[in-house]
Structure formats: structure tokens, C-alpha cells
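Below is one structure, written out as C-alpha cells, with a few remarks after it.
What follows is calculated from the coordinates using simple rules that are stated; it is not laboratory data. Quick caveat, the model's predicted, so the values are computed rather than measured. Cβ coordinates were reconstructed from backbone atoms using ideal geometry, including for glycine residues, and neighbour counts include every protein chain displayed.
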Amino acid sequence: MQTTIDLILERDGEIMRLLSPGVGAFTCAVPRGGLLGGGQAAGVLIICGRPIHLCVPPGVAGRVKGGRPEKIHAPVGYGSLLYELVGIESGDDANLEMEARAASDGLYLLAPQTGRFYQRPGPDEEAFLKAGDEVREGTSLGLIEVMKTFALVSYHPGEGLPAQTRFKAFIAGDGAEVSFGEPLIEFEDQKTP
């Protein structure tokens, strides 16, 4: 079961700041210019190897002002600034909040186990996926090495993942150490109009 917690909201005039609700490594940040609205996923905070999915508090809607952290797993403390939002409307502006929800930051495949993640089947071979590749049940996505044993990571719909989608980007670097539940891959969030 996925653990979700709301970000801490701090208001300063028309600017709203969304702060970390705990100490850990922040990842899967919404990019600059992205829209965020109440109830929307806004990244993952990894606390002691356990992923906590972050959510925008109700009544908040706006555009992300700053860029993503430099590190894929940015260390943060309780109350650290994660997002500064501009062009905020209160919960009265349902249209902006709905637009922000529609602009969700995508879908993520989480690491099925702790180990070293590889984007390619061999050092001299191309990555399993490139941007825009179609992904469906059983598609090979990468490898995780645990104690010199390699396990194939493949796509399986469910737990928020659709029957088919398209590959967007690798979140975990090639050869990166990953923990169970950490985001590995981002997929395009193909919403129906």
C-alpha cells in the first residue's frame, strides 16, 4: 500500500510555498512551469529507504516558479522549501485546480527491490528504452543487480499503471544504487480527452 502525506503550506501574499513534511531524500519533482493543484501528486520523499508520496494540500493551485533540485535524490529537512507557486488562486478557482490536476507530472515505475539499476542489457549495448517507446505488459525496462545476480525489470500494469503507455525518461541513473520503492522510470501520463 502506498503511503501519502500532504506537503506543508506556507502563504506569503500571493506566493505559496510547499514545504517538506519530513527529513529524507526528495525525488520526482514537478518541473519549473508545471501546474500543481489540491490533491495532486508532487513528488516522493524517501525516508529511511521508504517512499512517501507527497500530495498538494486542498485549496492550492498554481504554477511552479523554481526548477527541480540539482540532485535526483535531494537531501531535505523538515520544512525545507520544495516548491514556490505563483499565479495562485484560492480553492474558489475550480478551473485552475482542475487544469493543474490534468497536468499531472506523470506515472512512475518504482524499484521492485534494492540493488544496482541498469538501463541497458550490457555496457556496450543501447538502453532498453528511448523516449516515446511504447510500453505494455512484459516490456523489458532494465535490470537490477543484487549480489552479482541480475533480475529483469519488466512492465506490469496495475497499481496506477495503465495497460499500455509510452516511456518518457529514466529517473535512476545507469548503474545507480536504488532502494525498494524508489522511482526508476517515468512514463507519459496519457489522459483521455
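Here is how the numbers come out for the structure above:
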| item | result |
| --- | --- |
| Of Ile46, Ile144, Ile15, the one that fluctuates the most in a GNM where the chain has Cα springs shorter than 10 Å | Ile15 |
| Kirkwood Rh in Å, taken over the range 109-193 so that all alpha-carbon pairs contribute | 13.1 |
| The chain, helix-only ellipticity at 222 nm - DSSP H runs n ≥ 4, -39,500 (n - 2.57), divided by all residues, nearest 500 | -1500 deg cm²/dmol |
| In nm, spacing of pseudo-spin labels at Glu177 and Cys48 (7 Å Cα→C-beta vector) | 1.9 |
| Which labelled figure in [x] 32; [y] 39; [z] 25 is percent of Cα pairs over 29 Å apart, once derived from the coordinates | [z] |
| Pair Leu9, Glu126: separation of 7 Å Cα→Cβ label points (nm) | 4.7 |
| Spacing of the two label points (7 Å from each Cα toward its C-beta) at Asp133 and Lys65, in nm | 4.0 |
